[in-house]
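Visitor: I have a structure I would like to understand better, so I am pasting it below and will then ask my questions one at a time.
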Amino acid sequence: MPELPEVETVCRTLNDLIVGKTIAKVTVKLPRIIQHPDDPDVFSAMLEGRSFRAVERRGKFIRLIMDNLVLVSHLRMEGRYGVYHKDEPTELHTHVIFHFTDDTELRYKDVRQFGTMHLFAPGEEWTSRPLNKLGIEPLDEHFTLDAFKRALGSRSAPIKPVLLNQELVVGLGNIYVDEALHTAGIHPERPTNSLKPKELERLHHAIVGTLTAAVEAGGSSIKSYVNGQGEMGMFQMSLKAYGMTGQPCRTCGSLIEKSVVRGRGTHICPRCQKIK
Ligand SMILES: [Zn+2]
């Protein structure tokens, strides 16, 4: 699933590709992608004649901002956007097509069909599902060490599922949680309220550092992720724990091990990330 760096990269690419373009009409081939409004025909009618003004990210959501409308899109497992000339053949699993007045199209393709789109009047998106319960942005200036500690609270749950909880801190998924915990030298099953001040400081630093580096690299291309122009990210070359099972830890040389924490595949260095 694309996480913060991948979604940020998609937003930046879409900004270059679609801002200024005007929608002539919209084709919805798979109605269940459209979550709001209920009727996909209403969805399409509302979008006709609108122009894209900006594309911004909130957590793992994409906000496509138009004049007097905001489209909130989540890629979930494998959703992806691409811009094509209208004469290019439409690929399988293309579920929503935004036809522009300049004979190009923004196409939404989603093999797994888990992606969602919600359409709102500007501002309404913040008080409605799915954006209304999101936690703090880790690359925002407000994400201080104190704000991080407040978000974690005094939870006794293991730190990994707490970091995955989008109502506390947004944007982290399985890849970047494993990476940040490895960098900070913290075992993913440590109870959150057992982390010492120094460990919380290292973890906060690791989250910001890992996400910043991954955004600069254009995200990680694992499985199907590509940006809006079909380009791969490069951060997978820099991963230190995620997907590195059996490879030597870059810090100490021990072999990275894979286990399951609360149902999620989890990668740790047994020497750098001790449970006690
Ligand atoms: Zn190690």
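This table checks each residue for (1) assigned to a loop (DSSP other than H, G, I, E, B); (2) at pLDDT 95 or above; (3) of a type outside the set (Val, Ile, Thr).
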position: Leu131; (1), (2), (3): yes, yes, yes
position: Arg155; (1), (2), (3): yes, yes, yes
position: Lys160; (1), (2), (3): no, yes, yes
position: Leu163; (1), (2), (3): no, yes, yes
position: Gln166; (1), (2), (3): yes, yes, yes
position: Gly171; (1), (2), (3): yes, yes, yes
position: Tyr176; (1), (2), (3): no, yes, yes
position: Glu179; (1), (2), (3): no, yes, yes
position: Ile186; (1), (2), (3): yes, yes, no
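Visitor: State yes or no: is Arg32 surrounded by fewer than 19 Cβ atoms within 10 Å (Cβ to Cβ), among the basic types (Lys, Arg) and touching a residue at least 40 places away in the same chain (Cβ under 8 Å)?
Guide: On the way: surrounded by fewer than 19 Cβ atoms within 10 Å (Cβ to Cβ): yes; among the basic types (Lys, Arg): yes; touching a residue at least 40 places away in the same chain (Cβ under 8 Å): yes.
So Arg32 fits the description; yes.
Visitor: Same structure, new question: Could you tell me whether Ser220 is of a type in the set (Ser, Thr, Tyr), buried (at least 19 other Cβ atoms within 10 Å of the Cβ) and not assigned by TED's automatic domain parsing to the domain that holds Ile97? Steps first, answer last, please.
Guide: Details: of a type in the set (Ser, Thr, Tyr): yes; buried (at least 19 other Cβ atoms within 10 Å of the Cβ): yes; not assigned by TED's automatic domain parsing to the domain that holds Ile97: yes.
Yes; evaluated as a whole, the condition is true for this residue.
Visitor: Considering only segment 5-55, how many residues are of a type outside the set (A, V, I, L, M), in a strand (DSSP E or B) and touching a helix residue (DSSP H, G or I) at 6+ places or on another chain (Cβ under 6 Å)?
Guide: To start, the set of residues in segment 5-55 that are of a type outside the set (A, V, I, L, M) comprises 5-6, 8-9, 11-13, 15-16, 20-22, 25, 27, 29, 31-32, 35-41, 43-44, 48-53.
Restricting the remaining residues to those that are in a strand (DSSP E or B) gives 22, 25, 27, 35-36, 51-53.
Then drop every residue that is not touching a helix residue (DSSP H, G or I) at 6+ places or on another chain (Cβ under 6 Å), which leaves 52.
The total comes to 1.
Visitor: Let me spell it out: the conditions are (1) closer than 18 Å to Gly230 by Cα; (2) out of contact with any Phe, Trp or Tyr (no Cβ under 9 Å at 6 or more places or on another chain), and Arg57 meets all of them except one. Which number is the exception?
Guide: (1)
Visitor: Here is a follow-up. Scanning segment 97-114 for residues that are in contact with a strand residue (DSSP E or B) (Cβ under 6 Å, 6 or more places away or on another chain) and assigned to a loop (DSSP other than H, G, I, E, B), which turns out modelled with the highest pLDDT? Don't jump to the end; show me each part of the working.
Guide: Pass one, segment 97-114, residues in contact with a strand residue (DSSP E or B) (Cβ under 6 Å, 6 or more places away or on another chain): 97-99, 101, 104-110.
Within this subset, residues satisfying the condition of being assigned to a loop (DSSP other than H, G, I, E, B) are 101, 110.
On the way: Thr101: 98, Asp110: 94.
Filtering first and then ranking leaves Thr101.
Visitor: Can you confirm whether Gly243 is small (Gly, Ala, Ser), surrounded by 20 or more Cβ atoms within 10 Å (Cβ to Cβ) and either within 14 Å of the ligand (Cβ to nearest atom) or within 21 Å of Met77 (Cα to Cα) (or both)?
Guide: Numbers: small (Gly, Ala, Ser): yes; surrounded by 20 or more Cβ atoms within 10 Å (Cβ to Cβ): no; either within 14 Å of the ligand (Cβ to nearest atom) or within 21 Å of Met77 (Cα to Cα) (or both): yes.
Spelling it out, it is not the case that Gly243 is small (Gly, Ala, Ser), surrounded by 20 or more Cβ atoms within 10 Å (Cβ to Cβ) and either within 14 Å of the ligand (Cβ to nearest atom) or within 21 Å of Met77 (Cα to Cα) (or both).
Visitor: Next question. Go through (1) within 16 Å of the ligand (Cβ to nearest atom); (2) surrounded by fewer than 18 Cβ atoms within 10 Å (Cβ to Cβ) for Cys272 and report which single condition fails.
Guide: It is condition (2) that Cys272 fails.
Visitor: Next up: Given the condition loosely packed, with under 14 Cβ neighbours inside 10 Å, more than 14 Å from Gly228 (Cα to Cα) and of a type in the set (Val, Ile, Thr), answer yes or no: does some residue in segment 6-23 qualify? Break it down stepwise before answering.
Guide: Start the filter on segment 6-23 by keeping residues that are loosely packed, with under 14 Cβ neighbours inside 10 Å, which leaves 16, 20.
Now narrow it down to the ones that are more than 14 Å from Gly228 (Cα to Cα): 20.
Now restrict to residues that are of a type in the set (Val, Ile, Thr): none.
No, every residue in segment 6-23 fails to be loosely packed, with under 14 Cβ neighbours inside 10 Å, more than 14 Å from Gly228 (Cα to Cα) and of a type in the set (Val, Ile, Thr).
Visitor: Going through segment 105-138 one residue at a time, which ones are closer than 14 Å to Gln166 by Cα and not acidic (Asp, Glu)?
Guide: Filtering segment 105-138 for residues closer than 14 Å to Gln166 by Cα gives 129-138.
Arg129, Pro130, Leu131, Asn132, Lys133, Leu134, Gly135, Ile136, Pro138, listed by residue number.
Visitor: Considering only residues that are without any contact (Cβ under 8 Å) to a residue 24 or more places away in the chain and assigned to a helix (DSSP H, G or I), look in segment 133-153 and name the one that is surrounded by the most Cβ atoms within 10 Å (Cβ to Cβ).
Guide: The extreme case among them is Ala151.
The values are calculated or read from the model by the stated rules, or taken from the named source; none is laboratory data. Note that the structure is predicted; figures quoted are calculated from it, not measured. Cβ coordinates were reconstructed from backbone atoms using ideal geometry, including for glycine residues, and neighbour counts include every protein chain displayed.
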